[in-house]
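Report on one structure; see the data block that follows.
Readers should treat all values here as calculations from the given coordinates under stated rules, not as data from a laboratory. Quantities reported herein were computed from a predicted structural model and do not represent experimental measurements. Because the Cβ atoms are built from the backbone with ideal geometry, glycine has one as well, and the counts that use them run over all protein chains shown.
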Amino acid sequence: MDVSRETVVRDALRPLTRTTWKYYLIVSILALITAWGLYSYFIQLESGLIVTGLRDTVFWGLYITNFVFFIGISHAGTLISAILRVANAEWRKPITRMAEYITVMAISIGALYPLIDMGRIDRILNVIFYGRIQSPIVWDFISIGTYLVGSITYLYLPLIPDLALCRDKLALPGLRGRIYRLFSLGWSWQDGQRRLLMRAVKIMAIIIIPVAVSVHTVVSWIFAMTFRAGWRSTVFGPYFVVGAVLSGIATIIFIMAVFRKAYGLERLITPKHFENLAYLMVATDLFYIYLMINEYLVSGYIWGVNEASILSSLYWGGYSVYFWAMVLTLIIPILIVAIPRTRNVAGIVLASILVNVSMWIKRFVIIIPTLAATPMPPTTPVIYIPSLIELSITLAGFSGFGLMLAIFSKLFPLISIWEVVEE
Amino acid sequence: MVDGLRRPNGSETSRLGRREFLKGALLGAAVTVGVLSGDLSLRVAAQPSPPAESLALDRESELVRMTRELQESLKKPLQERKWVMVIDLRRCVGCHSCTVSCIAENKTPPGITYRPVMIWETGEYPNVKLNFLPRPCMQCDEPPCTSVCPVNATWKREDGIVVIDYGKCIGCRYCVMACPYGARSTDYGYEWVPELEHGPLAGTAAKERQDRVKSLEYQPTPWYGGPYGRGDTIGITRKCHFCIHRIESGVLPACVSTCIGGATYFGDLNNPNSLVNELLRRYGAFRLKEELGTEPSVYYITGEGGASVISELEAMVDRYREEVLLREFGGRFRAGLGGGGLE
């Protein structure tokens, strides 16, 4: 890296010391949306799930879509940063921290959605008291719990030297200073400490990869392990994992661009980083398209009675708008990155947004049409129209995600300073 | 027998109006039939059981016989009973009495029916035929819905009935997804309150919910795993349980005693001389979605092996899907559903 050590430290620590009015404006807007979502949730708690558009036929809707989406995003971080760390890709250094933030925030938000979706949240502890290990939902609880703990550890370990840096450089009084002091665990830049830390980080990086893979595999099994047509597919595990990695990379690119712009990190996060991530994204995208062709072509060729109704609703029926929007937003990003003229930061960010739109719709069209194609004629209305409550809570999930990132960006360095400086 | 009819008191409300009228009418229907079957079983003590030849001719004696056999089976330990339902589709007239009596008996809220009757048309003019298919819970021997429950709130009893512990269920609805028969439904909080008739959210304030008609299932009873009932019925999954509270008191399930056409039979498969066994022996029967390996406890009799009914049902499901998923996106599928379907 051609920037000096001082510049790195100064640039990376700037968000922690200087806050503009724009920051407060954005945070208040995000907080308002989140508060509105919380209020909506309280309405739902009071009245029951009747305030949602969910009924017996389509009984999982936006909430579960968001759940799969956010858990997918969470692969951003840990998986990307861990894989790049294990592969010793040096360029990763300025972006790993952000990726790890995204992971922790996205799991926290994503894991909330099944709880919001539950009819009786007051009985949530039954999962612990009476848990039944045969149930894929229990597997889900276990794997997401493990993943959350693992990613927090994986975020925290490389953060220790930076916390020590904050402690020394910022020398803040009050609570924040105490937090830095406490959580830097007396780090004093000794070689022994460094060796230990490096080993711990390496071990965590290796452990977290299978954990991350297992999380989205288990999420896919929740769907695949039922009698429902459209879900009974052995490709579902890898399909979901690759989709998760794809949306994860796209989210890193987007969040990276936002922070780069907002905090003036242009010297640390260069177009090179965007380009590298864009290539990764396109490769994953292509792999995802390959899996998708696999899924749709195989069941589409057989055109069995059960699959046919779902597939035709996707291809030219009621859900075709969503389906083709999803396909388009999956293909356009590849073109954007492939064409040299559009392969710049703005283009790549646009591509990343499209990819995430695509991935959200994809989760929607995986879940809803299959549920609408009931195994027996239904006794309740089958058309799912999300209610305002659901839309509010969905929006609140996204704003809450942004809010948490914004707050964290003010508390802890966004760049892994010590790793960048080491070069 | 009269004792058997006494059931735990449902909490009644004094609200007047359309809801009350409706409920009264429904309960009236159920009670009439219930008393009828009770009366008959008193008579049976004096009479010898009817000869097998009269079977399928005399519904009264069928009800008497089934009640007697039920009470005999109750003397056996739980694990030696195996409750099955046999539905003779040749006798089903599609009157929905079973659906109505089920709603009245189990006090299900709008939108929830444990036993809808599916109706569909087959053939081409002028050779058209209406088909009826009552669909209770199949009480599978290999239930796909129980192992997926994350909190062990649903299981197959030793007598073959799949029950839900309504005090334990967390409302994740995974079992609803696992059931290939659509036999599980979730209580989303619909209520029989007049206000609700005007729009999806009208009148659903929390205090109104207190007048909600409470189901027996939610009250502390020995049949649902002890005193779990908390009075609040909203947010969890419900299902048909062969009117377990009636069976345990020696009365036939509500849908069986109400069936006007005499199409629904109920009994113990482990009793070789029971009416259901006789029917199965005599006519042969088919079960729904045999290929899934769920081993349902509900048998259908058509007299022709059921192949045509199954293929017709499949065609109907297909048509429904076509209608919903392809043509009428945004519309609602109204045709061919038994009671409980909401507009």
### Query
Among B:253-262, A:104-113, A:14-23, how do they line up from the highest to the lowest mean number of other beta-carbon atoms within 10 Å?
B:253-262, A:104-113, A:14-23
### Summary
Using alpha carbon centers only, region A:180-251 is separated from region A:360-423 by a whole-angstrom value of 18 Å
### Task
Calculate how steeply helix A:174-183 sits against the longest principal axis of the alpha-carbon atoms of chain A, using the helix alpha-carbon long axis, and give the answer as 0 to 90 degrees to the nearest 10.
80 degrees
### Message
Over the Cα atoms, compute the radius of gyration (one decimal) and Dmax (the largest Cα-Cα distance, rounded to a whole number) for region A:305-346, in Å.
### Response
15.1, 47
### Query
With θ set to phi - 60° and the Karplus curve 6.51 cos²θ - 1.76 cosθ + 1.60, what are the ³J(HN,Hα) couplings of region A:76-90 in order, to the nearest whole Hz, using x for Gly and Pro?
2, x, 3, 5, 4, 5, 5, 5, 5, 5, 5, 7, 6, 7, 5
### Message
For a Förster distance of 30 Å, can you work out the FRET efficiency between the beta-carbons of A:Val305 and B:Glu248, rounded to the nearest 0.05?
### Response
0.15
### Query
In nm, to one decimal, how far is the modelled label at A:Ile133 from the one at A:Ile206, with both set 7 Å along Cα→Cβ?
2.7 nm
### Summary
So the angle from the long Cα axis of helix A:345-372 to the longest Cα principal axis of chain A, reported in degrees to the nearest 10, equals 30 degrees
### Task
Any chance you could run the full-extension gain for A:Met198 through A:Arg176? It's 0.36 nm times the residue separation minus the Cα-Cα distance, nm to one decimal.
5.3 nm
### Query
Could you give the length gained on full extension between A:Gln190 and A:Tyr290, defined as 0.36 nm per residue of separation minus the Cα-Cα distance, in nm?
31.1 nm
### Per-residue average of Cβ from other chains inside 10 Å of A:58-64
2
### Task
With N denoting the number of residues in region B:85-153, provide Rg(C-alpha) divided by 2.2 N^0.38 Å, to two decimal places.
1.44
### Task
Ignore the peptide's own chain and count Cβ atoms of other chains within 10 Å of each Cβ in A:306-313; give me the average, rounded.
4
## Note on the structure
GNM on chain A, Cα springs under 10 Å; top mean-square fluctuation among A:Asp117, A:Asp168, A:Asp140 goes to A:Asp168
#### Entry: Distance in nm between pseudo-label sites at B:Lys76 and A:Lys261 (7 Å out along the Cβ direction from Cα)
7.4 nm
### Query
In 10 Å bins starting at 0, how do the alpha-carbon pair distances of region A:11-421 split up by percent?
5, 21, 31, 26, 13, 4, 1
### Query
Which of A:Gly317, A:Gly243, A:Gly72 moves the most in a Gaussian network model of chain A with Cα springs under 10 Å?
A:Gly317
## Note on the structure
For region A:282-343, listing chymotrypsin sites (Phe, Trp or Tyr not before Pro) in a DSSP loop whose Cβ sees at most 14 other Cβ atoms within 10 Å gives A:Trp303, A:Trp316
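Based on the Cα gyration tensor of region A:206-246, what are the three equivalent ellipsoid semi-axes, each the root of five times an eigenvalue, rounded to whole Å and given largest first?
Ellipsoid half-lengths, sorted descending, are 21, 10, 6 Å.
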#### Entry: Chain lengthening between A:Glu90 and A:Leu391 when straightened (0.36 nm per residue, less Cα-Cα)
104.2 nm
### Task
Give the Debye-formula value of log10 I(q)/I(0) at each listed q (0.14, 0.19, 0.20, 0.28 Å⁻¹), with one equal scatterer per alpha carbon of region B:235-281, two decimals each.
-0.42, -0.71, -0.77, -1.09
### Message
Just to confirm the number: angle between the C-alpha axis of helix A:191-224 and the first principal axis of chain A, 0 to 90 degrees, nearest 10?
### Response
10 degrees
### Query
What whole number of Å gives the distance from the Cα centroid of region A:103-168 to the Cα centroid of region B:72-140?
44 Å
## Note on the structure
P(r) over all Cα-Cα pairs of region A:319-393, 10 Å bins from 0 to the longest distance, whole percent per bin, short to long, reads 17, 35, 27, 14, 6, 1
### Summary
Dividing the mean separation of Cα pairs under 8 Å (6+ apart) by the residue count of chain A yields a relative contact order in percent of 34 percent
### Task
Order the peptides B:98-108, B:280-290 from the highest to the lowest mean number of other Cβ atoms within 10 Å of their residues.
B:98-108, B:280-290
### Message
If amide hydrogens are placed 1.01 Å from N in the peptide plane, which non-local residues have theirs closer than 5 Å to the one on B:Arg238?
### Response
B:Ser185, B:Thr186, B:Asp187
### Query
Based on the Cβ-Cβ distance of A:Trp21 and A:Thr153, what FRET efficiency does E = 1/(1 + (r/R0)^6) give at R0 = 25 Å, to the nearest 0.05?
0.10
## Note on the structure
Shielding of A:115-122 by other chains, given as the mean Cβ count within 10 Å, works out to 6
